[in-house]
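Just below is one structure, and these are the notes that go with it.
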Amino acid sequence: MTLQLRNISLAYPDGADTRTILDHVDLDIVAGEAVAVAGQSGSGKSTLLAIAGLLLSPDDGTVVIAGKPATGLSTKASTSIRRNHIGIIYQASNLFPALTCREQLELVAHLDGRLDHTMRKRATQLLCQVGLEQRIDARPAQLSGGERQRVGIARALMNQPELLLADEPTASLDPERGAALMTMLLGQASAHATALLIVSHTLEQLPSNVRRLDLDNGRLSPSTSVLIGR
């Protein structure tokens, strides 16, 4: 799947003025490619991700997913695209308090009408891949912040998304665990031809072949640093 953002603009009221968050942004990500966007807090990284994931509508511009315009769709149509084609790793894990780790993942398949033995097995395998084999039946209140983040990562991969969007995916993890999970995300993109967009303050774990961009003053430009840092 490909992701194309065309002339994306968004502004918010700021007192008597207007604050431009995104200013005519263009971005192309092809199947199997990973792109990393860095920027300071408040630079619009999460907003850019929300627009790409059809969670937020821009003031102007078009989101094109798999060659089809996806801007201005109904809530039902946008939800269907996300459920069937997009995996989102949120900065806050957004887990359901009453569900166990396994049930968080199984719910994804259930909502898509595909919860069977194979998908239950996949849920367990993904939790093991992110190092939660001992926490499969734990609920969010019993998990650390890093463990909740890892559940969120596993959940985003549950339906083998064709477009994977990651907002600060390793922010709550120690460097070793963060590097391992970043490798896992990049492996997903390569092995399954997944288009991967990562936004973060710091992406030191990324290899040099990941395309890196800076978001500043609402505009995207090629990164000028070897490592993306604060």
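Run lengths n ≥ 4 of DSSP H only: what is the helix-derived mean residue ellipticity at 222 nm for the chain, with -39500 (n - 2.57) per run over all residues, to the nearest 500?
Taking each H run of at least 4 residues, the total per residue is -10000 deg cm²/dmol.
Under 8 Å for C-alpha pairs, at least 6 residues apart: give me the relative contact order for the chain, rounded to a whole percent.
Relative contact order of the chain: 31 percent.
How charged is the neighbourhood of A138? Take every other residue with its Cβ under 13 Å from the Cβ of A138, and add Lys/Arg as +1 and Asp/Glu as -1.
Neighbourhood net charge equals +1.
By a straight-distance test (C-alpha under 30 Å), which lysines pair with K68 as possible cross-link partners, with residues fewer than eight away in the same chain excluded?
Once the sequence-local lysines are set aside, what remains near K68 is K45, K76.
About its Cα centre, what dipole magnitude does region 40-171 give when the only charges are +1 on Lys and Arg Cβ and -1 on Asp and Glu Cβ, stated in debye to the nearest 20?
280
Considering the dipole of the chain built from charges on the beta carbon (Lys and Arg +1, Asp and Glu -1) around the Cα centre, which of L185, C101, G113 is farthest to its positive end?
Towards the positive end, the residue furthest out is G113.
Connecting C-alpha atoms closer than 10 Å in a GNM of the chain, tell me which of N94, N217, N209 has the biggest fluctuation.
Among N94, N217, N209, the largest mean-square fluctuation in the Gaussian network model of the chain belongs to N209.
What's the magnitude of the charge dipole for the chain around its Cα centre, counting Lys and Arg as +1 and Asp and Glu as -1 at the beta-carbon? Answer in Debye, nearest 20.
640
How much net charge surrounds D60 when only the other residues with a Cβ under 14 Å from the Cβ of D60 are counted, with Lys and Arg +1 and Asp and Glu -1?
-2
Would you work out the relative contact order for region 1-69, in percent, from Cα pairs under 8 angstrom that are 6 or more residues apart?
45
I want the antiparallel fraction of DSSP beta bridges within the chain, as a percent rounded to 5.
Bridges in the chain are about 55 percent antiparallel.
How far apart, in nm, are two points set 7 Å out from the Cα along the Cα-to-Cβ line at L99 and at V64?
Here the answer is 3.4 nm between the modelled labels.
For the chain, report the accessible area per residue in Å² (1.4 Å probe, heavy atoms, rounded to an integer).
48
Summarise the accessible area of region 85-230 (1.4 Å probe, protein heavy atoms) by the percent that is carbon and sulfur.
Of the solvent-accessible surface of region 85-230, carbon and sulfur hold 49 percent.
What's the local net charge at A191, with K and R +1, D and E -1, over the other residues with C-beta under 15 Å away?
Net charge in that neighbourhood comes out at -1.
7 Å from Cα along Cα→Cβ at both H110 and Q129: what's the point-to-point distance in nm?
2.2
Which of I153, Q142, L215 sits farthest toward the positive end of the charge dipole of the chain, with +1 on the Cβ of Lys and Arg and -1 on the Cβ of Asp and Glu?
Farthest towards the positive pole: Q142.
Report the label-to-label distance for R19 and A180 in nanometres (one decimal), using points 7 Å from each Cα along the Cα→Cβ vector.
3.8
The values are calculated or read from the model by the stated rules, or taken from the named source; none is laboratory data. Here the structure is a predicted model, which is why all the values come from computation and not from measurement. All Cβ positions, glycine included, derive from the backbone under ideal geometry; neighbour counts span all protein chains shown. Just so you know, the surface numbers come from the protein's heavy atoms only, side chains and all, with ligands and any DNA or RNA stripped out. Shrake-Rupley method; radii C 1.70, N 1.55, O 1.52, S 1.80 Å.
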